[in-house]
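Report on the following structure.
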Amino acid sequence: MADGSTTGGTWLSGAPARGSAADLLVQNSHYGILVVLVTIAASLAPGFLTVQNFLNLLRSFSFLGFISVGMTFVILCGGIVDLSVASILAFSGVVMALLQHWGIYIGFTNELSHVYPTPFIILTVLALGAGIGLVNGLIITKLKVTGFVTTLGMMVFVRGLAFAVSGGGTIFGVDDFTRYLGRGMVGPIPFVALLWIVTIVAGSFVLNRTPFGRRLYATGENPETAFLSGINPDTYRIAAYVISGFLAAVAGICLTGRLDVGEPRVAQAWELNAIAAVVIGGTSFDGGRGSLGRTVVGVMIIGLIRNVLSLLGVLPSPQEMIMGIVLIAAVVVQHVISRSKV
Amino acid sequence: MNDNPNALLLEVQSLTKAYPGVVALDNVDLDVRYGEVHCLAGENGAGKSTLIEIVGGTIAPDSGEIRFEGTRVSFESPRSAQDKGIAVLHQELPALPDLTVAENIYLSRLPRTRLGVVDYRSLHREADYWLEFINSGIDSRAVFGDLPVAKQQLVSIAKALSLDAKVIIFDEPSAVLTLIELERLFEIIKNLRKDGKGIVYISHRLDEIFEIGDRVTVLRNGAVVATNPTSDIDKNDLIRHMVGREVHETRLRQRFSPAQDGTPVLEVKNVTRRGVLENVSFSVSAGEIVGIFGLVGAGRTEVARAIVGADAVDEGVVTVAGTELRKHNPKRTLRYGACLIPEDRKLQGLLLDKSVRENVALPSLRDLTVGRVLLDRRAITVRARDFTEKLKIATPGIEQRSKFLSGGNQQKVVLAKWLSRNMELFIFDEPTRGVDVGAKEEIRRLIVDLAESGKAVILISSEIPEILMLSDRVLVMHSGRITGNVPVTEASQEALLAYSMGSN
């Protein structure tokens, strides 16, 4: 992907000047897992290694992918986690569909409303997502509440809000444009996958090639050093949550298009999958170490494990159990290897 | 108890402890008699803390022995020292603030009833006995964390007594006490002495030593300089012992003559941060090096942090290059050309996991861009290479992660961060601490060069020779106040030390 070769994960950190064998093993264990998974999948399902299947998989990764990218910003910045992303995703989808049905309230009962054009609706929803992220960031930095508690509260609140605005029900039907966002193809490539890839590239660019990105890394690794170097850590922490909320809204809009409904129950526990993707990729919870490229690999590993389990005919609930084991194993393996290399 | 007034309760013989690059204790002898208050004095880093940590069982000596009541002992842990009867009362008292006083005293040995639950009645009876024994006036049912610091200290004394401690070591107890509280403490110490306990009392305040001490041992550079009865010596003797012979190091600095008309680069006016800084005022001119000396906790670092806006102050104004700054932060101060090279390079100066290149560029990212958005990779590389060469940073390359560099080279990377920007005022906080001799010399040279090129410099240091070698003027701090402001020509080691202990 965009990058992801070293722990620092960036051209500014440069090549791993001291790379013992164990170092390399730790840093690249996730690639190994990926190769193993692809091999298993390919031997189980003959159609697995086709371009078409790959593109389909890419689409299925994308929705989780967006919030994992946002989660990476938050974790890199030392903000621990953003637990509210899945709720923001669901809320955004509901608002997206709801605003398209505004007509319901002003007389058009069974048609889509054209009172508020779709591009404006999208901008509104994106602004709402970013706004919720902003509130998260402000509570955390200005009121000094821990990120975990703040976003936990926000997770419950926003999920409730999604149910409240939808009246608890599902809002059926969105317009063609929105459906295109979730289902459309650009040539052979699903639009949403393309959008995800663009997001990753843009995100990596911002993280690695702009002062903003390097300051965000600095804030995550050592806020005190950053502060004395003329960086206001609060600015970057808030920005990370805004980005996270914004990308959750992007995912919500696209998922609504894909499902053709606004549904407050979608994406339950996805915030945990996003965290798992970041952790399996190897981005450090301590902040300042890791990269988007690693997260992309993490997202793929999670997606592929599910894919492989389905190919094996494993039912959904044992799948969850296995995912849990994989997550713990990934963390334990990294921990053990990094400790043994002293 | 022993009736012989000269019998030795605790004997320390030729204790030695070395750390890489520094001998913390060098053949130290010390003895404590029954019913004696034995004071320890010495500058920062003289070895007092190391000595009591060994006696208290926290660290093990490299060689030497400890005799307790005539028999040789060795401690593997603070617990085993405690069991023998040696209690160390640290400045920061380890305690569980949410438990009661009695629970804190008897934590590891709570009395139990036959059912195995805590027997609170006898717990409080025991605790109250010891609290009353020292006339503390503390209720054993009070919550520990609710007590003022002075009373918490009394609780630790009660705890020490309940453990049947024979030697009680006080590590700068007065640092956190008011005068009245201190008098009470002295009363208690005098009573303990009457009971035949051996007291070791460490303090930076010379007056206390003469008030409470029977004998005083002075440490310098890890070695004992002298042990005398306090009745045989006076304050000046003590200071002379602490400072030692004049170290002959040549001044690196040409005499500074301030420009007649120039406004100062930095003006600090009445800066007060409650409980930390009190009414601090001074100024620094272009081309001048102002040294700030003081003992640990005197408020030197706090002044530096207040200047750059790293900590908020309650009152006062900082003026940098003619601009008054209030409620500023380092980001803003930086724009006016003032920077702080912090004391702890690992925790405050560097991103240890990032490359030399990234660290050097960190404060100047905005200037190293194309169109303010895209980082200019080439400019960053050139700058990092330049300064790696200029400062002779020993590294395999600018891509090396800074955690793999030696202390001196790490410090140079921190310096490069600021030298590569155009700053007017440099505040160095202990720039040569933990740095090898060669790098020390280079860093000092660099500081002088900065001043000679017209920059204003503040040099905070615990090393008097370094201050005398580099500064034009010396400020001395004590308890958050500036107690001395002398031209270097009139400064001597004795005078600076006297100011730093709050006596003139």
Quick one: what are the phi-derived ³J(HN,Hα) couplings along region B:401-410, Karplus 6.51/-1.76/1.60 with θ = phi - 60°, whole Hz, x for glycine and proline? 6, 5, 5, 8, 8, 6, x, x, 6, 4
Go ahead and collect, in residue order, the members of region A:147-161 whose backbone nitrogen is under 17 Å from a label point 7 Å along the Cα-Cβ direction of A:V331. A:147-149, A:152
Debye-sum result for region B:72-128 in log10 I(q)/I(0), which assumes one identical scatterer on each alpha carbon, at q = 0.13, 0.14, 0.31 Å⁻¹: -0.45, -0.52, -1.21
Taking the simple approach of a point 7 Å from Cα along Cα-to-Cβ for both B:T263 and B:R377, what is their distance in nm? 4.5 nm
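Treating the beta-carbon of each Lys and Arg as +1 and of each Asp and Glu as -1, no other charges, what is the dipole magnitude of chain B about its Cα centre, to the nearest 20 debye? Intermediate values should be presented prior to the final figure.
On the way: 64 positive and 69 negative charges, 413 e Å.
So the magnitude is around 1980 debye.
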Length gained if B:R326 through B:E424 is fully extended, taking 0.36 nm per residue and subtracting the Cα-Cα distance, is 33.4 nm
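Please compute how much accessible surface disappears when A pairs with B, both sides summed, using a 1.4 Å probe, and round it to the nearest 100 Å². Each step should come with its number before you reach the end.
Working: alone 15270 and 24120 Å², together 36410 Å².
What A and B bury together is about 3000 Å².
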For region A:139-272, with all protein chains present and a 1.4 Å probe, just round the carbon and sulfur fraction of the accessible area to a whole percent. 72 percent
In region A:170-213, the residues losing 10 Å² or more of accessible area (1.4 Å probe, heavy atoms of protein chains only) relative to their chain alone are A:F205, A:R209, A:T210, A:P211
Separation of alpha-carbon centers, region B:437-504 and region B:126-179, rounded to whole Å: 39 Å
How large is the translational diffusion coefficient of the protein assembly as shown in µm² per second when you combine the Kirkwood radius over alpha carbon pairs with Stokes-Einstein at 20 °C and 1.002 mPa s? 68 µm²/s
What is the diffusion coefficient of chain B in µm²/s, taking the Kirkwood radius over Cα pairs and the Stokes-Einstein relation at 10 °C with a viscosity of 1.306 mPa s? 63 µm²/s
Taking a crude spin-label model, label points 7 Å out from Cα along the C-beta direction, the B:N228 to B:D195 distance in nm is 3.3 nm
Just want to confirm a number: the relative contact order over region A:49-267, from Cα pairs under 8 angstrom separated by 6+ residues, in percent. 42 percent
Please work out the Cα convex hull volume for chain A and give it in Å³ per residue. 147 Å³
Please name which of A:L57, A:I75, B:V303 has its Cα lying farthest along the dipole of the protein assembly as shown towards the positive end, using unit charges on Cβ (Lys, Arg +1; Asp, Glu -1) and the Cα centre as origin. A:L57
Size of electric dipole in region A:49-267: Cβ of Lys, Arg +1 and of Asp, Glu -1, about Cα centre, debye, nearest 20: 300 debye
Per residue, how many Å² of accessible area does chain B show with a 1.4 Å probe? 45 Å²
Long-range amide H partners of B:Y201, meaning residues 5 or more apart or on another chain whose placed amide H is closer than 5 Å, are B:H38, B:C39, B:L40, B:F170
From the residues A:G133, A:V95, A:T146, which one has its Cα farthest along the dipole of region A:49-267 in the positive direction, the dipole being from +1 and -1 charges on Cβ of Lys/Arg and Asp/Glu about the Cα centre? A:T146
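Add -39500 (n - 2.57) for each DSSP H run of 4 or more in chain A, then divide by its residues: what number comes out at 222 nm, to the nearest 500 deg cm²/dmol?
That calculation yields -23500 deg cm²/dmol at 222 nm.
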Efficiency of FRET from Cβ geometry, B:A175 and B:D436, R₀ 30 Å, rounded to 0.05: 0.40
Roughly how big is the protein assembly as shown's charge dipole about its Cα centre, with Cβ charges of +1 (Lys, Arg) and -1 (Asp, Glu), in debye to the nearest 20? 2600 debye
Counting only the backbone N, which residues of region A:190-216 are under 16 Å from the spot 7 Å out from the Cα of B:V370 toward its beta-carbon? A:205-206, A:208-211
Percent antiparallel among DSSP beta bridges (both partners in chain B, rounded to 5): 55 percent
Residue by residue through region A:198-206, the couplings from Karplus 6.51 cos²θ - 1.76 cosθ + 1.60 with θ = phi - 60°, in Hz, x for Gly and Pro, are 4, 4, 5, 5, 5, x, 5, 4, 4
What accessible area per residue, rounded to a whole number of Å², is obtained for region A:107-210 using a probe radius of 1.4 Å? 51 Å²
Within region B:310-428, the percent of DSSP beta bridges that are antiparallel, given to the nearest 5, stands at 60 percent
I want the antiparallel fraction of DSSP beta bridges within the protein assembly as shown, as a percent rounded to 5. 60 percent
From the helices alone, meaning DSSP H stretches of at least four residues, give me the mean residue ellipticity at 222 nm for chain B, per-run term -39500 (n - 2.57), in deg cm²/dmol to the nearest 500. -9000 deg cm²/dmol
Share of carbon and sulfur in the accessible heavy-atom surface of region B:139-190 [1.4 Å probe, %]: 54 percent
Along the charge dipole of the protein assembly as shown, which of B:P78, A:V186, B:A46 sits closest to the positive end, that is, farthest toward it, with unit charges on the beta carbon of Lys, Arg, Asp and Glu (+1, +1, -1, -1)? A:V186
Between B:V22 and A:N56, with labels modelled 7 Å along Cα→Cβ, what's the label distance in nm to one decimal, could you check? 6.7 nm
Debye intensity ratio I(q)/I(0), log10, region B:118-241, q values 0.10, 0.15, 0.19 Å⁻¹ (C-alpha model): -0.38, -0.76, -1.08
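The values are calculated or read from the model by the stated rules, or taken from the named source; none is laboratory data. Nothing here was measured: the structure is a model prediction, and the numbers come from that model. Please note: Cβ atoms are built from the backbone with ideal geometry, for glycine as well, and neighbour counts cover all protein chains shown. SASA here: full protein model, heavy atoms, side chains in, ligands and nucleic acids out. Shrake-Rupley method; radii C 1.70, N 1.55, O 1.52, S 1.80 Å.
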